[in-house]
1. Only one of (1) over 15 Å from the mean Cα position of the chain (by Cα); (2) outside any loop (DSSP other than H, G, I, E, B); (3) closer than 23 Å to residue 30 by Cβ is not met by residue 137, so which one is it?
2. May I ask you to verify whether residue 176 is in contact (Cβ under 8 Å) with a residue 40 or more places away in the chain, within 23 Å of residue 135 (Cβ to Cβ), in a loop (DSSP other than H, G, I, E, B) and out of contact with any helix residue (DSSP H, G or I) (no Cβ under 9 Å at 6 or more places or on another chain)?
3. Please state which of the following conditions residue 138 fails to meet, knowing it meets all the rest: (1) more than 25 Å from residue 4 (Cβ to Cβ); (2) modelled with pLDDT under 95; (3) surrounded by 16 or more Cβ atoms within 10 Å (Cβ to Cβ).
4. Being under 20 Å from the mean Cα position of the chain (by Cα) and over 24 Å from residue 189 (Cα atoms) is true for just one of 91, 144. Which residue is that?
5. Is there a residue being over 25 Å from residue 209 (Cα atoms), touching a helix residue (DSSP H, G or I) at 6+ places or on another chain (Cβ under 9 Å) and surrounded by 15 or more Cβ atoms within 10 Å (Cβ to Cβ) anywhere in the stretch 72-90?
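The values are calculated or read from the model by the stated rules, or taken from the named source; none is laboratory data. Source: prediction; values computed, not measured. Glycine gets a Cβ as well: all are built from the backbone with ideal geometry, and neighbour counts include every protein chain shown.
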């Protein structure tokens with residue numbers, strides 16, 4: 001079975017809609033979201049609506065927890081704080097309840113799904129490097145763990161060498177970001193996991209980035225949040 005893994009939507013409904021259209025065109029019905037549905041972007045209610053209406057299983061991200069008030073924003077950057085505070089001011093109560101209900105992890109077959117890292121996922125640790133990922137392999141028994149949080153698609157192998165997902169080895173794989181990529185490519189990014197072939201493919205999707213950026217400015221959110229969408233940083 002093929003599973004589309006999406007992550008870090010961050011209130012960008014234009015990117016989410018285009019990504020779901022691509023997933024539908026690939027005839028993939030199983031979709032799992034790795035959290036941060038809201039935060040930064042100007043369409044949090046629309047994004048939660050889409051996730052809920054499509055019955056997409058999701059884990060919770062740090063921005064989701066911040067918007068619900070369950071996570072302090074003391075250590076957030078200034079623009080992240082502003083994004084959370086603005087989102088809190090307009091998000092529907094029903095959506096807050098939904099975000100609060102999301103688990104820190106999900107399992108499906110050979111795979112584990114978390115927002116940040118499999119070890120103590122409630123602490124939202126960043127895995128940028130192989131060394132940072134190495135210690136996380138002891139925290140799960142699955143063949144593969146899918147993560148988001150850094151907004152950068154990358155593959156970590158338990159052997160510290162392999163860069164391609166293959167059967168017989170264990171991996172931590174970052175799905176990239178739907179709504180705010182930070183790897184220098186502005187296009188929305190998700191991955192497709194084939195559990196029969198034990199393979200993954202990162203997929204990039206064009207979307208109406210100008211419309212998403214314009215909504216951010218219109219909402220009175222920081223200009224930087226609009227600019228970075230077009231740069232992929």
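1. (3)
2. yes
3. Every listed condition holds for residue 138 apart from (3).
4. Numbers: 144 fails: over 24 Å from residue 189 (Cα atoms).
Among 91, 144, only 91 is under 20 Å from the mean Cα position of the chain (by Cα) and over 24 Å from residue 189 (Cα atoms).
5. yes
Let's see how each residue does on (1) over 20 Å from the mean Cα position of the chain (by Cα); (2) in contact (Cβ under 8 Å) with a residue 40 or more places away in the chain; (3) under 30 Å from residue 101 (Cβ atoms); (4) assigned to a helix (DSSP H, G or I):
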| site | (1), (2), (3), (4) |
| --- | --- |
| 186 | no, yes, no, no |
| 196 | yes, yes, no, no |
| 202 | no, yes, yes, no |
| 229 | no, yes, yes, yes |
| 233 | no, yes, no, no |
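Listed here are the residues, each with its yes/no results for (1) under 17 Å from residue 217 (Cα atoms); (2) free of Cβ contacts under 8 Å to residues at least 12 places away in the same chain.
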site: 13; (1), (2): yes, no
site: 19; (1), (2): no, no
site: 53; (1), (2): no, yes
site: 56; (1), (2): no, no
